[in-house]
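The values are calculated or read from the model by the stated rules, or taken from the named source; none is laboratory data. On a predicted model such as this, the values are computed, not experimentally measured, just so you know. Heads up, the Cβs are rebuilt from the backbone with ideal geometry, glycines too, and the neighbour counts pull from every protein chain shown.
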Amino acid sequence: MPVKNIAVTPSAYTYPLLIKSLLITPLVHSPEREIIQADGSRYNYRTLNERISRLAGGLASLGIEAGSTVAVMDWDTHRYLECYFAVPMMGAILQTVNIRLSPEQILYTLNHAKADVLMIGADFLPVLEAIADKLETVRSFVLMSDAADPPSAPVKFSAVYEKLLSSAPTNFDFPDFDENTQATVFYTTGTTGNPKGVYFSHRQLVLHTLATAAAMGSAACQGRLHREDVYMPLTPMFHVHAWGFPYVATMLGLKQVYPGQYLPDRLLKLIAREDVTFSHCVPTILHMLLHHPLVDQTDLSRWKVVIGGAAMPKAMAIAAQKRGIDIFTGYGMSETCPILTLAHLPTARTEAPPEEQAALRTKTGLPLPLVDLRVVDEAMQSLPFDGKSTGEVVVRSPWLTQGYLSDPESSEKLWNGSYLHTGDIGHIDPFGYLQITDRMKDVIKSGGEWTSSLQLEDILLQHPAVMEVAVIAQRDEKWGERPLALVRLKPEMADSTSESKLRKHVAEQVEKLGLSRYAILINIIFVEGLTKTSVGKLNKRAMREEFAATKIAPEEEIS
Ligand code: AMP
């Protein structure tokens, strides 16, 4: 029998899932709640709503209409939040530009996305100067500032943000349109070749917002996000919509704090001054805050933090808990909008000592509502939920990019077999918790056995002298590959730590945890710093290239 569609009464409203609908409830629940800037200036949700209208009016006066692309290059500000809403609500596309890419890559992404307008913060004018004459499609420039007049160089500016808003009306009529209309585009931080464009529709962003709010709000007690929380992003707004949390926080009408540039002392002061209770970031950012001198004077005991973008080391989970931080893991990628899983603890486990809790807080997590996440073998057969059968993580959910912008070949590969391939490997335990064990490209094959680089990093980080570490594969004639650990030591412990001491620590832990015995083939080099990507993650590809020819230590015999 054919399926039967529901009957639609001609005058019924079918309610497309549009970003504008996220603004309905905060204006009823918490119109007076505030959005705060780093300098302490603040306004409420009513003003946010008015400014979104004014921005749309201003952009319309510059010729922006449905289908246009508006690129934004700025730190995390209230103006960026306004763009998150106004641009897609007009039916235009918001391009969030990765400000940490090289000028050539930024130029590539602006041309590739065919940006019509570039809205740019003053700190990024030197980048604009370097690329202005090679921009192919941008026809208007807006300075993201409250300056009285636009600068005369390096391009002719059409407007300054605040002036543009002040001359526009507060009642822009945002139209209804198809919920599958493209709302955003941004580029992956991939380390090979040109960045790839991923894109998301209104429907995808709204469903991602609802599912994230449902997962965060249904947590039993640990890591629960609720109406009285105070939100501050610590994942840049250019990167995967700051993991979608500005949309969640706005829909829930939370007090929000936008910190501008991520300067550690500023961030810690904002947490204290505004009583921030919820943030999210990659491990590098939390590492930077936990090692800042101001941290001892800052009360972090009301702060919930989702760590994602890279595996959270157990040592970090323990150190953060000891400061009272409610830390837990989130997982996703640029292609997935991004959130796929969150690692909330059952109430019974929240009384356990930090070391025990760390095991769960660093798990990759439980899938969000509507996420169909599987671990599969090479024949795409699902593996059992036994906590040990390891394969590639593939996924379906209503908010995954449907392809890479103008790149059908990579898009087909991404969606091979109608599941999105994450390129990550892991296993799922009987309680449904995913554990990512490595990226397919980073796992190390020694003596025919797989060794997880993440697990070795986790072990090394538990040694008191280790500040930072990256474990990469190095080619080896006898073993195929050997793990090479690039270790940055804590300065105060550098003199008392040797390679052999760390190798002994690894060997003991490998034995205790029953890991592949080839893990003890690990070679260790002490370094001053580790190469990172534009979003602060370890750039293992670059490190593999850099250390490919470095001589390794004499071979260990393994019986
Ligand atoms: P990106 O697209 O730059 O956000 O990178 C996404 C990749 O980061 C994923 O495919 C994973 O390899 C890694 N990643 C993100 N979150 C986690 C996590 N919680 N644990 C381990 N790896 C993660």
Taking strands (runs of 3 or more DSSP E) that fall entirely within segment 378-454, which contain at least 1 residues that are of a type in the set (S, T, Y), within 28 Å of D476 (Cβ to Cβ) and away from the ligand (no atom under 14 Å from the Cβ)?
-> 444-446, 449-451
Has segment 197-211 got at least one residue that is in contact with a helix residue (DSSP H, G or I) (Cβ under 9 Å, 6 or more places away or on another chain) and either modelled with pLDDT under 95 or of a type in the set (D, E) (or both)?
-> no
Has segment 246-263 got any residue that is more than 16 Å from the chain's Cα centre (by Cα), under 24 Å from K322 (Cβ atoms) and surrounded by fewer than 19 Cβ atoms within 10 Å (Cβ to Cβ)?
-> no
Name the pairs: first residue in segment 506-530 and farther than 17 Å from G447 by Cα, second residue surrounded by fewer than 12 Cβ atoms within 10 Å (Cβ to Cβ), Cβ to Cβ under 8 Å, at least 6 apart or on different chains?
-> I525/T550
Restricting attention to segment 84-102, report how many residues are touching a Leu at 6+ places or on another chain (Cβ under 8 Å), of a type outside the set (G, A, S) and in a loop (DSSP other than H, G, I, E, B).
-> 2
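Yes/no matrix, rows are residues, columns are (1) acidic (D, E); (2) surrounded by fewer than 23 Cβ atoms within 10 Å (Cβ to Cβ); (3) farther than 28 Å from V394 by Cβ; (4) over 25 Å from the mean Cα position of the chain (by Cα):
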position: K445; (1), (2), (3), (4): no, yes, no, yes
position: A470; (1), (2), (3), (4): no, no, no, no
position: R488; (1), (2), (3), (4): no, yes, yes, no
position: K504; (1), (2), (3), (4): no, yes, yes, yes
position: G514; (1), (2), (3), (4): no, yes, no, yes
What are the pairs, 6+ residues apart or on separate chains, where a residue within segment 536-552 that is touching a residue at least 12 places away in the same chain (Cβ under 8 Å) has its Cβ under 6 Å from a residue that is within 11 Å of the ligand (Cβ to nearest atom) and hydroxyl-bearing (S, T, Y)?
-> N539/T191; N539/T533; R541/T191
Residues satisfying the stated conditions in segment 167-224, i.e. acidic (D, E) and closer than 16 Å to G67 by Cα | D176, D178, E179
Pairs returned, first residue in segment 118-136 that is free of Cβ contacts under 8 Å to residues at least 12 places away in the same chain and at positive phi, second residue that is in a helix (DSSP H, G or I) and surrounded by 17 or more Cβ atoms within 10 Å (Cβ to Cβ), beta-carbon separation under 9 angstrom, 6 or more apart or interchain, are none
